[in-house]
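Notes for the one structure printed next.
The values are calculated or read from the model by the stated rules, or taken from the named source; none is laboratory data. Here the structure is a predicted model, which means the values were calculated and not measured. Cβ placement follows ideal geometry from the backbone for every residue including glycine, while neighbour counts extend to all protein chains displayed. To get the accessible areas, we keep the full protein, side chains included, count just its heavy atoms, and leave off ligands, DNA and RNA. Shrake-Rupley method; radii C 1.70, N 1.55, O 1.52, S 1.80 Å.
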Amino acid sequence: MKDKSHFKTLGVFIITFIAHEIVVRLPMQYTQLKITNGQWNWTGKLLGIIFGVLVYIVLRKKISPYNFIQIEQAPQYFQKTIIATVLISCTAFFSYFDTSLTMDKETLLFQLTMPGLDEEIMFRAILLGLLLTCLNEHIKVGKLNLGSPSVLIIGLLFGLLHGLKLTDEFSFKFDYLSFLSTFVYGYVWSWITIKSKSILQPLVSHNVLNFMTNLIRMTP
């Protein structure tokens, strides 16, 4: 941490993360809250987006040095971030070797819109911004520079969110492949956000990746 005065910020970070996950999952536990009858959690993601926007409005002064909800891109790193965005989006083609899926328009529409909006607003615009205000820019172990602790933590959280599942029997199931892949995605999208000073590229990349991953698996 930069100094002890930022403990409250870490508290806000933890509470915001937990509250967001509860809001997103509420319609899955209480079906009467659903506004659609689709197979995907449209209502939860919509509530997550609304929650994220409200939290951003409340906290925007606190994270003002790292205001990533903007369209304008930082010109000095534009070429590097575009290359990273394109490369990470192209990893969707590896899904060709995964199990095939039946064509489903709802799945494609959901993946093209909701996950990127919800998760980029929360993880990259809010949670990353909070960590950047209170953690040092770099972390070192001896002479080894491990980079930004904020980017590392967001990557780990993003990976655990997708790789660690709670079953109906209230036991945990850990998917190592899902964790590793989403950790890398979360790490790179956080890096792109910091360098571009905007969540625009990660948001587009996130939705394109999700859409293409599913579309390729549905193509005969």
_Condition check for PRO65: in contact (Cβ under 8 Å) with a residue 60 or more places away in the chain, surrounded by fewer than 11 Cβ atoms within 10 Å (Cβ to Cβ) and not in a loop (DSSP other than H, G, I, E, B)_ = yes
*Of (1) closer than 30 Å to THR133 by Cβ; (2) out of contact with any Cys (no Cβ under 7 Å at 6 or more places or on another chain), THR31 satisfies all except one. Which?*
(1)
*Hey, does region 124-137 have a residue that's open to solvent by 80 Å² or more (accessible area, probe 1.4 Å) and either farther than 18 Å from ILE15 by Cα or touching a residue at least 12 places away in the same chain (Cβ under 8 Å) (or both)?*
yes
*Which of the residues that make up region 11-38 are in contact with a Ser or Thr (Cβ under 7 Å, 6 or more places away or on another chain) and either aliphatic (A, V, I, L, M) or more than 17 Å from MET114 (Cβ to Cβ) (or both)?*
LEU33, ILE35
*Among the residues of region 95-112, is any among the hydroxyl-bearing types (Ser, Thr, Tyr), part of a helix (DSSP H, G or I), over 21 Å from LEU131 (Cβ atoms) and open to solvent by less than 70 Å² (accessible area, probe 1.4 Å)?*
yes
*Got at least one residue in region 168-176 being out of contact with any Leu (no Cβ under 9 Å at 6 or more places or on another chain) and assigned to a helix (DSSP H, G or I)?*
yes
*Mind checking whether some residue in region 135-148 is in a helix (DSSP H, G or I) and not small (Gly, Ala, Ser)?*
no
*Out of (1) at pLDDT 95 or above; (2) open to solvent by less than 50 Å² (accessible area, probe 1.4 Å); (3) part of a helix (DSSP H, G or I); (4) within 22 Å of ILE49 (Cβ to Cβ), the odd one out for LEU117 is which?*
(2)
*For region 177-212, how many residues are of a type in the set (Lys, Arg) and either touching a Pro at 6+ places or on another chain (Cβ under 6 Å) or not in a helix (DSSP H, G or I) (or both)?*
1
*For region 150-168, enumerate the residues that are open to solvent by 20 Å² or more (accessible area, probe 1.4 Å), farther than 19 Å from HIS206 by Cα and of a type outside the set (Lys, Arg).*
LEU164, LEU166, THR167, ASP168
*Could you please find all residues in region 13-42 being part of a helix (DSSP H, G or I) and over 18 Å from the mean Cα position of the chain (by Cα)?*
LEU26, PRO27, MET28, GLN29, THR31, GLN32, LEU33
*What do you reckon, is ILE88 of a type outside the set (Asp, Glu), assigned to a loop (DSSP other than H, G, I, E, B) and within 23 Å of LEU157 (Cα to Cα)?*
no
